[in-house]
Amino acid sequence: MASNWVGELIYEGKAKRVYRVNDELLIMEFKDEVTAFDGARKERAPGKGRLAAAQTVFLMRLLSKYGIRNHLVDWDGDRKILVRGLRMIPIEVIVRNYAYGSFLKRMPLVKPMTRFSKPLVEFHLKSDELHDPLITTDDIIEAGLTRQEQLNEIMGIALRINEILSNYMVSRGLTLVDFKLEFGFDKSGNLVLADEMSGDTMRILINGRHLDKELFRRGASA
Ligand SMILES: Nc1ncnc2c1ncn2[C@@H]1O[C@H](COP(=O)(O)OP(=O)(O)O)[C@@H](O)[C@H]1O
Ligand SMILES: [Mg+2]
């Protein structure tokens, strides 16, 4: 199956190449590269692409069991996944359980790793040039990116995903600090979870140590 997947390269991003198969399907190929700071830091990392693909497949299948609609169709067992092509909403949805990362930069009055009284959901515009700035829900509506009801639905889905993942992690002694999601619309206008879920897009701690990309951001080698 996997080797039959062919498509035309339509996009090369920081972490993946995207190929168009037909009107319905795309191939996403995860690169053997680690980047940070909007791509300013970049290094080769053999095995990383397959790991990110495997994590994405595992987590999207887990979410499917709980009825969370997502774009995953198939996996080639290596660096490629087959997904449903969507009209993407150019925002990153971040869910935070503990104070970390860019949250601390904008709100230094909170101590690192403070557990929030409830999970926070925030939105950032996807823009490397602007460094993915924090935006308000009004900004999103006024820019015509979604309608208010759709944004409410996105927040509901993001919080549900947080519950499912947090429970899964806790049962394995892991702490889910924060993670990023992207959504798109299918042809019927349904909201669908897209992109990836991996160590690149989530912060996970085991006994206070990072199981994610944080070490690379701090200067360790891939
Ligand atoms: N199901 C999908 N349909 C269409 N585009 C998608 C889908 N899932 C993810 N994408 C987009 O594909 C690109 C993946 O490549 P990536 O390397 O993550 O890019 P970027 O550097 O822009 O984040 C992103 O722009 C993401 O929004
Ligand atoms: Mg990306």
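The values are calculated or read from the model by the stated rules, or taken from the named source; none is laboratory data. In this text the structure is predicted, and so the values were computed from the model without any measurement. Cβ placement follows ideal geometry from the backbone for every residue including glycine, while neighbour counts extend to all protein chains displayed.
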Task: Val83 being modelled with pLDDT under 95, crowded, with 18+ Cβ neighbours inside 10 Å and part of a strand (DSSP E or B) - done: no
Open item on the list: Can you find a residue that is within 16 Å of ligand 1 (Cβ to nearest atom), in contact with a Leu (Cβ under 9 Å, 6 or more places away or on another chain) and within 26 Å of Arg115 (Cβ to Cβ) anywhere in the stretch 161-168?
Closed with: yes
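From the list Gly156, Gly189, Gly199, which one is at pLDDT below 95 and not assigned by TED's automatic domain parsing to the domain that holds Val18?
Going through Gly156, Gly189, Gly199 in turn, the sole match is Gly199.
Please return the ranges of strands (runs of 3 or more DSSP E) entirely within the stretch 136-222 where 3 or more residues are among the charged types (D, E, K, R).
Once the strands (runs of 3 or more DSSP E) in the stretch 136-222 are filtered for at least 3 residues that are among the charged types (D, E, K, R), what remains is 174-185.
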Open item on the list: Can you find, within the stretch 86-100, the residue that is farthest from ligand 2 (Cβ to nearest atom) among those that are buried (at least 21 other Cβ atoms within 10 Å of the Cβ) and under 12 Å from the mean Cα position of the chain (by Cα)?
Closed with: Val95
TODO: Among the residues of the stretch 202-215, write down those that are within 16 Å of ligand 2 (Cβ to nearest atom) and either in the same structural domain as Tyr66 (by TED's automatic domain parsing) or among the acidic types (Asp, Glu) (or both).
DONE: Asp212
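If a residue has to be part of a loop (DSSP other than H, G, I, E, B) and either more than 11 Å from ligand 1 (Cβ to nearest atom) or in contact with a Lys or Arg (Cβ under 7 Å, 6 or more places away or on another chain) (or both) to count, how many in the stretch 1-41 make the cut? Show your work before the answer.
Narrowing the stretch 1-41 to residues part of a loop (DSSP other than H, G, I, E, B): 1, 5-7, 13-15, 21-24, 31-32, 37-40.
Now drop any that are not either more than 11 Å from ligand 1 (Cβ to nearest atom) or in contact with a Lys or Arg (Cβ under 7 Å, 6 or more places away or on another chain) (or both), which leaves 1, 5-7, 15, 21-24, 31-32, 37, 39-40.
Going through the stretch 1-41 one residue at a time, the tally reaches 14.
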Task: Considering residues of the stretch 113-135 that are part of a loop (DSSP other than H, G, I, E, B) and over 26 Å from Lys14 (Cβ atoms) only, the residue nearest to ligand 2 (Cβ to nearest atom) - done: Met113
Open item on the list: For the structure I just gave you, tell me whether Lys187 is of a type outside the set (S, T, N, Q), within 16 Å of ligand 1 (Cβ to nearest atom) and surrounded by fewer than 19 Cβ atoms within 10 Å (Cβ to Cβ).
Closed with: yes
Task: Conditions (1) crowded, with 16+ Cβ neighbours inside 10 Å; (2) closer than 24 Å to Lys126 by Cα; (3) of a type in the set (Asp, Glu); number of the one not met by Asp76 - done: (2)
Task: Cβ-Cβ under 6 Å pairs, at least 6 apart or on other chains, the stretch 180-199 side farther than 15 Å from Leu25 by Cα, far side modelled with pLDDT under 95 and away from ligand 1 (no atom under 12 Å from the Cβ) - done: Gly199/Asp212; Gly199/Lys213
Open item on the list: Quick test of your reading of the structure: Pro108 fulfils all but one of (1) surrounded by fewer than 14 Cβ atoms within 10 Å (Cβ to Cβ); (2) within 17 Å of the chain's Cα centre (by Cα); (3) not hydrophobic (A, V, I, L, M, F, W, C). Name the failing condition by number.
Closed with: (2)
